[in-house]
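Comments concern the structure below.
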Amino acid sequence: MRQALLVLVLFVPAVGSAGGAQRRPPASAPARPDVFLGYSNTKAGDASLHGLGLSGSYPLGAALSLVVDVSGHDGSFAGADLGQLALLAGARWSPSSGRLRPFAEGLLGGVRTSVSVDVGGATISDADSDWGLALGGGLDYGLDARWALRALVHVRLVHGEGAWDTDPRLAVGAVFRLGR
């Protein structure tokens, strides 16, 4: 048993570096602009909407970045076709710059929601543009100096017709870091 542990201790690190040196960002790497693209899911009332999320960030300092987030979702519920398009901007705080980068963010902007229903051969449609606020955060897992995987969670608050609607949003995808 001891011999097996000794082999693992000596062999496993050698295998991990056998493919050449892996490029990892240094622990104190300066923040760089990045672009995220991935799958996104949100709940609008009882409807589950699927779509894409696209965001970009620009560093304002070591831990603070300006973020612009665009997401589009669609789906159907109870015979109605639903769509939601959001454009939000705000700030992201990320206290770490290593391989694992947790972050928190707050975004504000507009959310356009559309609904259409087919009734007796005719289509009835309605669309609203409302204020939206997203609070949440996530985690980036660095693959190398440029690429990372991201998972994020937002609670999106949409203010329309005198009431607040609370819509959770989940997104997963890839991050590409710009610059050197």
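Laboratory data are not the source of any read-out in this text; all were calculated from the coordinates shown. In this text the structure is predicted, and so the values were computed from the model without any measurement. Ideal geometry is used to build each Cβ from the backbone, glycine not excepted, and the neighbour counts take in all protein chains shown.
Quick notes on this one:
- Charge tally around Gly53: other residues with Cβ under 10 Å, Lys/Arg +1 each, Asp/Glu -1 each, net +1.
- Our estimate of slack between Val68 and Asp46, defined as 0.36 nm per intervening residue step minus the Cα-Cα distance, is 5.2 nm.
- Arg101 sits among other residues whose Cβ lies under 11 Å from its own Cβ, and their net charge, with Lys and Arg +1 and Asp and Glu -1, is +2.
- Here the extension length gained between Leu60 and Arg146 equals 29.1 nm, from 0.36 nm per residue of separation less the Cα-Cα distance.
- Computed label-point distance, nm, for sites Asp130 and Leu37 using a 7 Å Cα→Cβ extension: 3.1
- Summing Lys and Arg as +1 and Asp and Glu as -1 over all other residues whose Cβ lies under 14 Å from the Cβ of Ala62 gives a net charge of +3.
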